[in-house]
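Structure first, commentary second.
The values are calculated or read from the model by the stated rules, or taken from the named source; none is laboratory data. Keep in mind it's a predicted model, so treat the numbers as computed, not measured. Every residue, glycine among them, receives a Cβ derived from its backbone with ideal geometry; neighbour counts consider all protein chains shown. Side chains are part of the model used for accessible areas, which takes the heavy atoms of the whole protein and leaves out ligands, DNA and RNA. Shrake-Rupley method; radii C 1.70, N 1.55, O 1.52, S 1.80 Å.
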Amino acid sequence: MGSHHPIDDWSQVDFDRGFPYPTPSTDTNDYYDAPGTQWHAPGKVNTTNAEQDNEKVDQYGVDPFAKGVLQGHRRNPLGDWSYEALSITVAIGLIITIALVLKLFEDKEQPKWPHEITLNSVIAILSTILRALLAYVVAEVISYKKWGWFDTTHPLQHLEKFDAASRGVWGAIQLLFITYKPHMASFGAVLVISSLAIGPFTQQAIRTTVCQLPMEMGIRKPTVQAAHYVDPTDWYVGGHTLPAPYLRTPMKGAIVNGLTTSDSEAAFVGFDCPTGNCTFPSYAGVTYSSIGFCSRCTDITDSIRERFVHSNETSTNSSGYAFELTDGASINTFEQGSWMQVVSHSEGYSAEQIISFLTFTYESCSRFINATTGYTQYNCEHSHASLPHLPNNLDILATNCSISPCLRNYEGSVVNGALKETVVSVVPTNISDLAGRYRTIVDDRPVIKSPCLVDGQPFDTTNFSSVPQVPGRNFTWAIQDEQNITAPTECTYSMPWALNFGVVDFLSTSLNGTCLYEWLSSADLDPSVITCDWDGGNWLLENMYAGGNATVDTVSGILDNLATSITNRMRVTGLGVDGKGPGVTLGDALRTTVCTRVNWGWVALPAALTGLVLLLLVVAVTQSWIDSDARPVWKSSLLPLLFHGLGYEVNNQQMLVHVDQMKAEAQQMDVRLGKGELDFWLMVN
């Protein structure tokens, strides 16, 4: 409007207002255009500047003194919120980038980047930028709601509280005590406070752990021995009339080791791992398979029967009750009686060794000291209906076990220089066809592995016929899944008949015998004292007695240990698929390094905050569009206060120079955002 003029009469300057403005006229409706110019009355135009005023109307096409300036002139909300929309878009991209980076390095070795930049520092930078973008969007929304807060009358100081909330956490906390009712600004304040956790949460998501990764090239491949076939190293066939198989000393030693030690697997050395930690390829949970022996045991205690024995039937002229099985195993409580007995035999071509085990046991009994005699006594609460004469200071156990050829499927790896393997499944061999016809006694016992990899492709009993016929590949039939199956050599394993019968024959001797109990007196029992090393006894059986605490599990464990020991010996001397070279499975050597472990739960908060800020922005944009006729979108800009001022009479007698004075005065001023008489937006009462 009017031009600036120098102040000629300094008597007109009001120094009490803190700046050299001329003193206003006594007409309270007058207003002042600018420093150094003259005052005007509302509705009047300075005649000396009328042409300039008309030029402004012509330039902008809007008369600032006309009412309803905003009505019918809606703006595109994206135009007012374009920077915020861009910021939230970038923030969403950052969340996706953080997730992708974490996923890329999850369970992998930590990256080695130039200048020692770490994965944590990259995530920290991304999360810092993310928080800055989210804070900017929320600050603008809070600033936008600052003007809407004054749709109703509130203390003018609230304007400063809203502005502080858009600038930091402390201001956001203070705002919550003003907008204690649900409000978009208070929701934004909560988001500002919560954004502090973005950095710590993203860092908490990253964990480092020691891991094993495959070794690079330049080192020999790890191997573990597993036999498809068995070399005739541990047996020979001899005899004058009929051929008979006999075991050599190494296999006999493996059998003795299995019966007398508790962990035959520790003796297996048929693997090579150059780094001390190795893995082997797995399919369907199986890393490698080997022909061998398996065992199983069942509880047949209910099959025990008692029989009274007269004195003329015993060598000690004792009489009493004997407890027996149908296969001839018998124990009794006579003086120097049979306390434990093992009976072993095989049946026809089955190639299966049957072992009956019968013993007295104290595993389920309670022990106490007789106060009168000082002797150890037992109380066994048993309820064997068929054994009414079993003493109440004894219990009894009978098991039926078997050892037979089988295919053993393993899951194994080498950890800290030791082979750790577990038998995941077993498949028994079968020497008969579906009609029950046996192969000849000198036929090997085949078994088929299913599923099985052939040239890297999986096959099973349903599609072995699809295996390509190539030179050098043979096929063998066997009983599998109750049908005759013909399978390729890669999936075929075989037990030599001579080794099978040699093991059965040796076990018939090793697992037969009786152990005696030496009575000290009828009142003092020491169940751990038995003797198996006597004429007719067998010292190999003492381990099965388990110190008087035999159970089905202890017996089963010993027989399984025996089968494992025999199998391990077969693996050491075993042959591969071609029946010539050693039977080995190749693996990967591992090296110890540091890997990244991601805890995705900690990433949920930054992702959730981004989603909530997006929702807050959408609501703000929608509301600004709806209210575009009623209120402009000013947000955090200070220019509205400079251009529109305060339509409120302030006590001009006070010098409002210091901020604390302004705060005190603002606290007493209840204002709202409205239009004055000139249709300007003002803070009015």
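Worth pointing out:
Conditions (1) farther than 30 Å from Thr298 by Cα; (2) out of contact with any Ser or Thr (no Cβ under 9 Å at 6 or more places or on another chain); (3) not β-branched (Val, Ile, Thr), marked per residue:
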{"position": "Leu559", "(1), (2), (3)": "no, no, yes"}
{"position": "Gly574", "(1), (2), (3)": "yes, no, yes"}
{"position": "Val584", "(1), (2), (3)": "yes, no, no"}
{"position": "Gly587", "(1), (2), (3)": "yes, no, yes"}
{"position": "Arg591", "(1), (2), (3)": "yes, no, yes"}
{"position": "Arg597", "(1), (2), (3)": "yes, no, yes"}
{"position": "Val613", "(1), (2), (3)": "yes, no, no"}
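- Meets criteria (under 30 Å from Ile198 (Cβ atoms) and of a type in the set (A, V, I, L, M)) for Val598: yes
- Test: Thr128 is outside any helix (DSSP H, G or I) and either surrounded by fewer than 21 Cβ atoms within 10 Å (Cβ to Cβ) or of a type in the set (S, T, N, Q) (or both): no
- Some residue of region 538-546 being open to solvent by 30 Å² or more (accessible area, probe 1.4 Å), at pLDDT below 95 and not in a helix (DSSP H, G or I): no
- The number of residues in region 273-285 that are surrounded by 20 or more Cβ atoms within 10 Å (Cβ to Cβ) and not in a loop (DSSP other than H, G, I, E, B) comes to 1.
- Every residue from region 349-373 that is surrounded by 15 or more Cβ atoms within 10 Å (Cβ to Cβ), without any contact (Cβ under 8 Å) to a residue 60 or more places away in the chain and hydrophobic (A, V, I, L, M, F, W, C): Ile354, Leu358, Cys365
- Any hit, region 453-473, residues being modelled with pLDDT under 85, at negative phi and either in contact with a Leu (Cβ under 9 Å, 6 or more places away or on another chain) or not basic (Lys, Arg) (or both): no
- Filtered residues of region 379-431 (kept if among the small types (Gly, Ala, Ser) and open to solvent by 60 Å² or more (accessible area, probe 1.4 Å)): Ser383, Ala385
- Residue match in region 175-187 (condition: farther than 30 Å from Pro111 by Cα, open to solvent by less than 60 Å² (accessible area, probe 1.4 Å), in contact with a His (Cβ under 7 Å, 6 or more places away or on another chain) and aliphatic (A, V, I, L, M)): yes
Residues checked against (1) at pLDDT 70 or above; (2) open to solvent by 70 Å² or more (accessible area, probe 1.4 Å); (3) assigned to a loop (DSSP other than H, G, I, E, B):
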residue: Val577; (1), (2), (3): yes, no, yes
residue: Ala589; (1), (2), (3): yes, no, no
residue: Pro606; (1), (2), (3): yes, no, no
residue: Asn652; (1), (2), (3): no, yes, yes
residue: Arg672; (1), (2), (3): yes, yes, no
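- A Cβ distance below 7 Å, combined with a sequence gap of six or more or placement on separate chains, defines the contacts here; from region 92-119, residues that are in a helix (DSSP H, G or I) reach residues that are of a type in the set (Gly, Ala, Ser) in the pairs Ile95/Ala607; Ile98/Ser127; Leu102/Ala205.
- Region 605-620, residues that are without any contact (Cβ under 8 Å) to a residue 12 or more places away in the chain and of a type in the set (A, V, I, L, M): Ala608, Leu615, Val618
- Residue selected from region 131-159 under the condition of a type in the set (S, T, N, Q) and either open to solvent by 40 Å² or more (accessible area, probe 1.4 Å) or not in a helix (DSSP H, G or I) (or both), by the criterion modelled with the highest pLDDT: Thr152
- Pick from region 215-238, criterion under 32 Å from the mean Cα position of the chain (by Cα) and surrounded by 13 or more Cβ atoms within 10 Å (Cβ to Cβ), ranking: modelled with the lowest pLDDT: Met215
- Cross-chain or 6+ apart pairs with Cβ under 8 Å, region 270-286 first and farther than 9 Å from Ala589 by Cβ, then among the basic types (Lys, Arg): Gly270/Arg571; Asp272/Arg220
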